[in-house]
């Protein structure tokens, strides 16, 4: 299977579409909503600086928590070794009692390419879920403005949401590499060296 596999281009296009629809559009909407809410709900002058800081810390913890959840799920769902193990199990290769997979013959490795749709689908659904998490982070920016914290704090949350979307987009080239390796039958579990 070559790098010009039509599934690769189709899935890449679907990933970009999902990122734009569920990541960038919600981020743009959150920017507009944040500006509208800030203009309608100015910073609460009766709130103490300590009260403002506590509100912001809660919202920042929520936004950062979502970011970390997305980051963690990305490595869990799209890690090359995890996907390689799923491919092996789908193809009928089972690990031994210690959890190690046997070294594959060239024929077995080529047979893995027949199960590569599993990798394509897993990566696409991961991208869709990850971009939705980014939309939730952008929503936290709107909540920051609604909490009467002012434009400065809301902008910090918008920057967090934008950073998250850049993180998701930066992973697209890695996803293409993993899908290409799967389509060519090269996505295999690395053999662990025995240490005595």
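Every number in this text was worked out from the coordinates using simple rules, so none of it is lab data. As the structure is a prediction and not an experimental result, all values here were calculated from the model. Using ideal geometry, Cβ is built from the backbone for each residue, glycine included, and neighbour counts are taken over all protein chains shown.
Rounded if a/c is under 1.5, else prolate if a/b is larger than b/c, else oblate: which is the stretch 1-114, with a ≥ b ≥ c the root eigenvalues of its Cα gyration tensor? It comes out oblate by the Cα gyration axes. Top mean-square fluctuation among 52, 15, 157, Gaussian network model of the chain, C-alpha springs under 10 Å? The residue with the greatest mean-square fluctuation here is 52. R0 = 45 Å: FRET efficiency of residue 97 with residue 21, Cβ-based, nearest 0.05? It comes out at approximately 0.45. For the chain, the relative contact order is 42 percent, taking Cα pairs closer than 8 Å that sit 6 or more residues apart in sequence and dividing their mean separation by the residue count.
Exposure proxy shown here: for 91, 39, 126, 116, the number of other Cβ atoms within 10 Å sets the order, fewest to most, as 39, 91, 126, 116. Mind checking which of 97, 64, 147 has the largest fluctuation in a GNM of the chain, springs on alpha carbons under 10 Å? Highest fluctuation among the options: 97. Considering only 87, 33, 158, the Gaussian network model of the chain with Cα springs below 10 Å gives its largest mean-square fluctuation to 33.
Placing dummy labels 7 Å off each Cα toward the beta-carbon, the span from residue 190 to residue 107 is 2.9 nm. With a ≥ b ≥ c taken as the square roots of the eigenvalues of the C-alpha gyration tensor of the stretch 114-158, please select rounded if a/c is under 1.5 and otherwise prolate if a/b is larger than b/c or oblate if it is not? Verdict is prolate for the stretch 114-158.
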